[in-house]
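A.B. asks: Here it is, the structure in full.
The values are calculated or read from the model by the stated rules, or taken from the named source; none is laboratory data. Computed from a predicted model, the values in this text were never measured in an experiment. A quick note on method: Cβ atoms are made from the backbone with ideal geometry, for glycine too, and the neighbour counts reach across all protein chains shown. Ligands, DNA and RNA are excluded from the accessible area calculation, which covers all protein heavy atoms including side chains. Shrake-Rupley method; radii C 1.70, N 1.55, O 1.52, S 1.80 Å.
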Amino acid sequence: MSSSYDVIVVGAGAVGAACARELAHAGRRVLMLDPGRIEGAAWSASAGMLAPQIEAGRDDPLFELGLAGRAIYRDLAPALKAASGVDIGFWQEGIARVALDEVEAGELRSKVAWQRQGGHRCDWLDAAEVHSRWPWLRPTFGALWAPNEGAVNAAALVEALRADAIRHGARLEQDTITALEREGDRITGARGNGRYSADAVIIAAGAWSGRIDGLPRPLSVEPLRGQAVALDWPAGVPGAVVYSRDCYVVHRGSEAIVGATREYAGFRTETVPADIHRLADAARALSPAFAALQIRRAWAGLRPATPDGLPIIGREPRARGLWYAAGHGRNGVLLAPITGVLIRQLLAGEETLEQLDAMRPERFWSC
Ligand SMILES: Cc1cc2nc3c(=O)[nH]c(=O)nc-3n(C[C@H](O)[C@H](O)[C@H](O)COP(=O)(O)OP(=O)(O)OC[C@H]3O[C@@H](n4cnc5c(N)ncnc54)[C@H](O)[C@@H]3O)c2cc1C
């Protein structure tokens, strides 16, 4: 068994790397364990949007948590750049969610209303305003405009979080964890090719989190495949992020990232030609500027999905020393930094956000 750590983080993707960084900053001796390039890791497939106002519904705990998560990025992005030299591509110029018919316009207007009533920046733009702001879009029935929404480059984020964690003393070991080590009711470490011991083990292996032997009960996380495509970003069109009911389009570098499908296909990570053509066609239908553009590349990733769409964050009541930071579904990039903060606070026995109650691990189990 290798030398003992305060905390082992199983999985150094968006969530695991964020947890490791927070804990390392707090002075804990941290070991990150990750196989390296794994087919379908969600962070390497992600569109990287920071969009709680677009994604979450009314009375959804994800809304407040997502806003708190988004707010962290404003300081985190420059801090990571200064510490690691990696630019995570933080962009915060707003996201529009366009309505393609009257029914959708009504739904989005009501979303605008409750967000404004809650004091959040959110506007309804009528069809003429949408046309004047984004003349390259097809005619719409208006749009919800959330000026504080944004995006990051998720792969750069993971690189920067890992590097900064390492800078603060964490270690990153390339290994695929297959089982937990246990003594009585206490989890004492994890094993893959090597064996590692620590006072606390955090399960943050994304869609693979439930595959680790020795968990006290099945983890309610399943892979939800998401396919996406990249088209060229059309010449002369200013960068933007636009959602419609059929797809979203995210400007990144010279590309338009168009996503994403949602299907339960087990751990299969291949793309399906019919699906990726449907996505590209949805982008072409959203804007004539995309009409002639060909698919540059296509890919798929596995989101870690839970039954209620909320992550699982907290202590496993049945085994001392075991913690979960898993199941972040469609919003794990948005929620990674706030999850790191929450995990640090939980491990230190500090007060955390009230919304965390909705994320507690035991909510799916009767005992
Ligand atoms: C197409 C697509 C678009 C998306 N767009 C967005 C978006 O716009 N905004 C947003 O917020 N979220 C988005 N997401 C979701 C987001 O990517 C995920 O919620 C997030 O990446 C989850 O982070 P994670 O660290 O839990 O899992 P992952 O990012 O999947 O990372 C898991 C890590 O665990 C490691 N691992 C796996 N098995 C083991 C093991 N046995 N031992 C050790 N390590 C292991 C993997 O190598 C990986 O590094 C998108 C996802 C997809 C697929």
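A.B. asks: A77 is checked against (1) touching a Phe, Trp or Tyr at 6+ places or on another chain (Cβ under 6 Å); (2) not in a helix (DSSP H, G or I) and fails just one. What number does that condition carry?
C.D. replies: Answer for A77: the failing condition is (2).
A.B. asks: Quick one: which residue in P307, P337 is surrounded by fewer than 23 Cβ atoms within 10 Å (Cβ to Cβ) and touching a helix residue (DSSP H, G or I) at 6+ places or on another chain (Cβ under 7 Å)?
C.D. replies: Result: P307 is the single residue among P307, P337 that is surrounded by fewer than 23 Cβ atoms within 10 Å (Cβ to Cβ) and touching a helix residue (DSSP H, G or I) at 6+ places or on another chain (Cβ under 7 Å).
A.B. asks: Checking the structure you have, find out if any residue of the stretch 146-165 is within 28 Å of I88 (Cβ to Cβ), touching a helix residue (DSSP H, G or I) at 6+ places or on another chain (Cβ under 7 Å), hydrophobic (A, V, I, L, M, F, W, C) and part of a loop (DSSP other than H, G, I, E, B).
C.D. replies: Yes - at least one qualifying residue is present in the stretch 146-165.
A.B. asks: Cβ-Cβ distance below 9 Å, separation of 6 or more or different chains: which pairs start in the stretch 124-149 with a residue that is within 19 Å of A291 (Cβ to Cβ) and open to solvent by 70 Å² or more (accessible area, probe 1.4 Å) and end on one that is assigned to a strand (DSSP E or B) and of a type in the set (A, V, I, L, M)?
C.D. replies: So the pair list comes out as R138/V98.
A.B. asks: Looking at the stretch 180-196, is at least one residue open to solvent by 10 Å² or more (accessible area, probe 1.4 Å), of a type in the set (A, V, I, L, M, F, W, C), under 24 Å from the mean Cα position of the chain (by Cα) and more than 25 Å from F90 (Cβ to Cβ)?
C.D. replies: Taking every residue of the stretch 180-196 in turn, none turns out to be open to solvent by 10 Å² or more (accessible area, probe 1.4 Å), of a type in the set (A, V, I, L, M, F, W, C), under 24 Å from the mean Cα position of the chain (by Cα) and more than 25 Å from F90 (Cβ to Cβ).
A.B. asks: Tell me the residue from A96, A77, A71 that is within 16 Å of the ligand (Cβ to nearest atom) and either free of Cβ contacts under 8 Å to residues at least 12 places away in the same chain or within 14 Å of the chain's Cα centre (by Cα) (or both), please.
C.D. replies: The match here is A71.
A.B. asks: Here is a follow-up. Before we move on, is E104 out of contact with any Leu (no Cβ under 9 Å at 6 or more places or on another chain), more than 10 Å from the ligand (Cβ to nearest atom) and either assigned to a helix (DSSP H, G or I) or within 25 Å of L353 (Cβ to Cβ) (or both)?
C.D. replies: Spelling it out, E104 is indeed out of contact with any Leu (no Cβ under 9 Å at 6 or more places or on another chain), more than 10 Å from the ligand (Cβ to nearest atom) and either assigned to a helix (DSSP H, G or I) or within 25 Å of L353 (Cβ to Cβ) (or both).
A.B. asks: Of the residues A14, A26, which is closer than 26 Å to I187 by Cα, in the same structural domain as R344 (by TED's automatic domain parsing) and more than 7 Å from the ligand (Cβ to nearest atom)?
C.D. replies: None of the other options fit; the residue is A26.
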